[in-house]
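The values are calculated or read from the model by the stated rules, or taken from the named source; none is laboratory data. All values reported here derive from a predicted model rather than from experimental measurement. Counting neighbours? That spans all protein chains shown, and the Cβs are built from the backbone with ideal geometry, glycine included. The protein model used for the area step is the full one, side chains on, heavy atoms only, and it has no ligands, DNA or RNA in it. Shrake-Rupley method; radii C 1.70, N 1.55, O 1.52, S 1.80 Å.
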Amino acid sequence: MPYLSTFTRLTTPALASLGLAFALTTLPGCGSRSATDSEKAAMAADSVQQPAPLDSAAMQRLAMRRDSLKADSIVKVSGQLPGAILPGKRIVAFYGNIRSKGMGILGREPKEQMFRKLKKVLGEWQAADPSRPVQGAIHNVTITAQGTAGKDGKWRLMNSKATIEEVISWGKEHNYIVFLDVQPGHSTLQAELPKLEQYLKDPIVHLGIDPEFSLSTMPGVRPNQKIGTLDAKDINFTINFLARIVSENKLPPKVLTVHRFTRKMVSNYKNIKLDPRVQVVMHMDGHGDPVLKKDSYKAYIANEPVQYTGFKLFYEYDARPKPHHIMTAAEVIALTPSPLYVQYQ
């Protein structure tokens, strides 16, 4: 690949492992005298014993740029990075919190009963579209917006290490992938996502972010009082954060779901910058009758495209009042574009 050959020419043996090159030469200043032989020998010895300090931030930026170019070149040849889930498969997930009965199907029913139900649902999706394999998933809200501010005034609470590890173990038991979802409250993704990095190093663990509960730009507003928002710069931060984890740990691409059901939930969507190491799903997260859901999908997902699309179905809310109903797999598949991530709450 051409950029690699250029990169190699710039690399010195001592710094090859860092992927950086520096020309370390001493130039005489204007009007300076020439060094004696003994001074030259002393300077040479000192340059070996005391190498110039390296800028670690610059090294990381260059490494990220190098890995991004490499990922781009692979995608140009093959269409996908190795191990990419989308678009070859459709992800079908159960959503909630395993410690809460009120947040979704994931925690509402006993574990084994819930998994039997999920297995049945996966079968329904596979039957509705035999051409595309179905990947099961559990989507656990891991940093959750709260009704009280907490000691730091950020209105959010993170699951314990034991709970997060239990969620991941559930996924591994059933060969499902796992999404850790973030509702930042009055904190920010920049502050919250690093707390999840150790778990995202696992190849089965992916990420969801929820603008509805992102309120750092709305002082004094409690979660559920108003619908929050994220800007393209926040989503780009998340993409870069995941891309770095993928590169540093030699992982297959991560899937990132971004919840959305109003226009203001995501601002400046055209400025979102994609990276082959992260597969971005804009996920229609609204509930209601099928006509309303289809209209929202068209207005906020299909008409403002980013990469892949998702669609949420609500066991408790979509079917009320009658004759409303929970959309079938065939109805969702028929949407344009056909969602490749489907979530049940």
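Roughly speaking, to the nearest percent, how much of the stretch 223-269's 1.4 Å accessible area is carbon and sulfur?
Numbers: 960 of 1930 Å².
The nonpolar share, carbon plus sulfur, comes to 50 percent.
Nothing charged except the Cβ atoms of Lys and Arg (+1) and of Asp and Glu (-1): what's the magnitude of the dipole of the stretch 127-181 about its Cα centre? Round to the nearest 20 debye. Walk me through the numbers on the way to the answer.
Values: 6 positive and 6 negative charges, 43 e Å.
Roughly 200 debye for the stretch 127-181.
How much length, in nm to one decimal, is gained on full extension between LYS195 and LYS264, taken as 0.36 nm per residue of separation minus their Cα-Cα distance? Mind showing how you got there, number by number?
Details: separation 69, 0.36 × 69 = 24.84 nm, distance 2.69 nm.
Result for the pair: 22.1 nm of gain on full extension.
Would you kindly state how much longer the chain becomes between LYS250 and SER73 on full extension, computed as 0.36 nm times their sequence separation minus their alpha carbon distance, in nm to one decimal?
Details: separation 177, 0.36 × 177 = 63.72 nm, distance 1.64 nm.
Taking 0.36 nm per residue and subtracting the Cα distance, the gain is 62.1 nm.
Quick check: pseudo-label points 7 Å beyond the Cα along Cα→Cβ at GLN80 and TYR317, how many nm apart are they?
About 3.2 nm, to one decimal.
For ARG65 and MET158, calculate 0.36 nm times their separation in residues minus their Cα-Cα distance, and state this gained length in nm to one decimal. Write out the running numbers ahead of the final one.
Details: separation 93, 0.36 × 93 = 33.48 nm, distance 3.19 nm.
Gain on extension, ARG65 to MET158, equals 30.3 nm.
Which of the pairs LYS120/LYS322; LYS233/LYS273; LYS120/LYS172; LYS172/LYS293; LYS111/LYS161; LYS119/LYS201 have their Cα atoms more than 21 Å apart in this structure?
Details: LYS120/LYS322 24 Å; LYS233/LYS273 9 Å; LYS120/LYS172 18 Å; LYS172/LYS293 33 Å; LYS111/LYS161 19 Å; LYS119/LYS201 26 Å.
LYS120/LYS322; LYS172/LYS293; LYS119/LYS201, as the Cα separations exceed 21 Å there.
With every protein chain present, what is the per residue accessible area of the stretch 124-192 (1.4 Å probe, Å²)? Intermediate values should be presented prior to the final figure.
On the way: 2880 Å² over 69 residues.
Per residue, the stretch 124-192 has 42 Å² of solvent-accessible surface.
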